Structures are given as C-alpha cells and as structure tokens.
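What follows is a single structure, written as structure tokens, with notes after it.
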Amino acid sequence: MLKRIALTLILSSALLGLGTVTMAQDSPPAAPDNSAVNVRDRAPGAMTAGQQSNAKSDVEITREIRRAVVKDHSLSTLAHNVKIVSANGSVTLRGPVKTEEEKTAIASKAQAIAGAGKVDDQLEVKGQ
C-alpha cells in the first residue's frame, strides 16, 4: 500500500512538471527592439566597438575610463554600458544614458583620463 502511494505521488509530480513546461512554452518571448541602435551604428562615420584600436595606449585609456564609469555607483546600468572607443589617443563615447547628469559625469571622467579636447561625446539622454 505504501509503495502504491509513493508511486502515485511520483507520477503526479512528473505530470505536474510536464504541464508547467508546456504552459511556459505557450507564451512566446518578447523580441528585443534594438532596431534604432542598429540603424544608428550603420550610419557613415559612426564609431563602433569594432574600431577600437589595439594599440596599448588606446586599450589602456578605454580600460581606465570603463573602470571609472563602472566604479561610479550613482550611474544607472544604462550609463555603465555606454560604448567607449579609443583610437589614436581620441575617445568616442556613444550610447544612451538616463539623465543629463549621467552624460556630464561620464564625459568628465573621460576628459580627466584622455585629456582635454580628446573626447567626442555622442552620448544620448534617453530618460527612463
């Protein structure tokens, strides 16, 4: 009798688990909408991560700016993920941020590390 109850419980659990999997598959996942970003990155002259220089000095500038941005916990996740591309000692900042303050903070950090006149700030304030 005890074996029969245990077997019933095991089979019931297995069937419930299959029903859950089936239900999860019924609702399709929402597709990400990054089409605007893709269009912007295809614009002529648009600086992308693929144009990051492999020169030691450029890689170091990018690393230092990224480290400064990520260490700033007052910045949003959006701001932590901006593109930072260095080539020939010049830095391009691209991507969305939530506020004008974030835009200013990131550009300031980049200027302090790369030097005055070496930062092209293309950050966009997108809000929430």
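The values are calculated or read from the model by the stated rules, or taken from the named source; none is laboratory data. Keep in mind the model is a prediction, meaning the values are calculated, not measured. Glycine also receives a Cβ, built like all others from the backbone with ideal geometry; neighbour counts cover every protein chain displayed.
Scanning segment 100-112 for residues that are surrounded by 15 or more Cβ atoms within 10 Å (Cβ to Cβ) and over 13 Å from Arg66 (Cα atoms) turns up Glu102, Lys103. So, in segment 76-99, how many residues would count as being part of a loop (DSSP other than H, G, I, E, B) and crowded, with 17+ Cβ neighbours inside 10 Å? The total comes to 1. A count restricted to segment 53-88 and to residues that are in contact with a strand residue (DSSP E or B) (Cβ under 9 Å, 6 or more places away or on another chain) and more than 20 Å from Gly115 (Cβ to Cβ) stands at 5. Can you tell me which residue in segment 113-124 is modelled with the highest pLDDT, limited to those that are surrounded by 13 or more Cβ atoms within 10 Å (Cβ to Cβ) and out of contact with any strand residue (DSSP E or B) (no Cβ under 6 Å at 6 or more places or on another chain)? Applying the filter and picking the extreme gives Ile113. When segment 58-75 is filtered for residues that are loosely packed, with under 14 Cβ neighbours inside 10 Å and in a helix (DSSP H, G or I), the ones remaining, listed by number, are Val59, Glu60, Arg63, Arg67, Val70, Lys71.
Can you confirm whether Ala116 is assigned to a helix (DSSP H, G or I), out of contact with any Phe, Trp or Tyr (no Cβ under 9 Å at 6 or more places or on another chain) and of a type in the set (Gly, Ala, Ser)?
Judged against the criteria, Ala116 is not a match.
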